[in-house]
Amino acid sequence: MIERLKQAPALSGEEARRGWQRGHGQHPLDRYLKEGRIPHIWCSGCGIGIAFTAFVKALEKGGFDPDKTVVVSGIGCTGRVAGYLNLDTYHTTHGRAIPFATGLKLANPQLKVVVFSGDGDLFAIGGNHFIHAARRNVDISVICVNNFNYGMTGGQGGPTTPLEALTTTTPYGCAEHPFNLVYLAKAAGAVYVARWTVLQTYELRDAMIAALNKPGFSLVEVISPCPTGYARRNRLGEPLELMRFYKENSFRAAELDPENTGLPFKGRVAVGTFVDVEKPTFLQMYQSCIAARAEARAGGKKK
């Protein structure tokens with residue numbers, strides 16, 4: 001089966017969709033996939049595939065129109081998601097997925113725009129874009145797979161690497177305080193923020209549906225430790241054992257504050273929906289400013 005897929009020619013999105021409609025698909029979710037791009041490049045035991053499946057199932061269960069849903073990614077292991085989706089997708093430069101997605105949304109507000117990328121891409125080189133898009137409340141959904149390191153480029157430490165953790169650039173343990181992504185998102189102005197592990201697949205799927213349906217800037221953080229770079233170096237066990245640890249040591253936080261939502265090296269992980277509020281989107285605010293200005297000018301001319 002794998003050899004057949006490797007030899008299969010790459011199909012365009014429309015060709016893949018027509019094949020599914022004729023009943024040629026091998027999987028019930030094939031209409032969302034570019035089969036010619038499979039098998040994927042992710043390591044054995046990596047949770048990105050689980051997050052990817054949760055997203056595809058969210059599209060199906062949520063009834064989102066594939067022709068009006070756009071996915072933008074940056075660089076890194078998670079950034080490869082865009083290449084496997086049978087949607088309009090864009091694989092952008094490192095850290096620039098959010099400004100690209102912002103442009104798409106403002107140019108065509110009817111689109112459902114999703115940014116699907118990793119913690120290094122979104123919160124290191126792309127961190128400034130994240131906080132300002134949240135501050136403006138741009139109507140896009142961000143799905144961040146947090147694997148605690150730069151998985152594709154060698155397992156270096158990143159902005160979410162826990163204190164004391166070993167990476168290729170922190171051989172004596174990480175001495176830098178990591179970002180708490182859910183708290184950062186709330187402080188910056190996001191209207192919906194949730195976090196789940198890759199073994200909480202139903203909750204993860206439903207959080208993605210909620211994020212896509214929420215007007216404004218939303219974040220879903222997916223806890224998925226890198227099995228090849230991070231877990232192996234820190235002797236955290238086999239991939240499934242590691243994921244099970246994070247699931248079994250997760251707890252539903254009653255409220256959002258730095259003390260109970262940070263991610264320790266080895267300890268309990270706060271999961272759940274942390275923010276769900278209503279606020280005008282950036283485009284709504286912009287249109288209101290234009291309308292108010294036009295009304296003021298019209299009033300001045302009458303005088």
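Just so it is clear, none of the values below were taken in a lab; they were calculated from the coordinates. These numbers were taken from a predicted model, which means no experiment stands behind them. Reconstructed Cβ throughout: ideal geometry from the backbone, glycine too, with neighbour counts over all protein chains shown.
Assorted remarks:
- Overall dimensions of the stretch 172-252 as given by Cα atoms, namely Rg and Dmax in Å: 14.6, 44
- Total formal charge among the other residues, if their Cβ is under 14 angstrom from that of ALA194, Lys/Arg +1 and Asp/Glu -1: +1
- Amide H to amide H, with H built 1.01 Å from N, THR92 comes under 5 Å of SER73, GLY74, counting only residues 5 or more places away or on other chains.
- In the chain, the calculated helix contribution to ellipticity at 222 nm averages -11000 deg cm²/dmol per residue, counting -39,500 (n - 2.57) for every DSSP H run with n ≥ 4.
- Separation of the alpha carbons by more than 25 angstrom is noted, of LYS68/LYS279; LYS57/LYS266; LYS34/LYS112, for LYS57/LYS266.
- Per residue, the average separation of C-alpha pairs within less than 8 Å and at least 6 apart gives the chain a relative contact order of 16 percent.
- For the stretch 164-303, radius of gyration divided by Kirkwood radius, i.e. Rg to Rh on alpha-carbons: 1.19
- Dividing the radius of gyration of the alpha carbons in the chain by their Kirkwood radius gives 1.01 for Rg/Rh.
- In terms of overall dimensions, the stretch 88-155 has a Cα radius of gyration and Dmax of 12.1, 39 angstrom.
- As a rough guide to protection, the peptides 283-289, 134-140, 219-225, 57-63 ranked by mean Cβ packing within 10 Å, highest first, stand as 219-225, 134-140, 57-63, 283-289.
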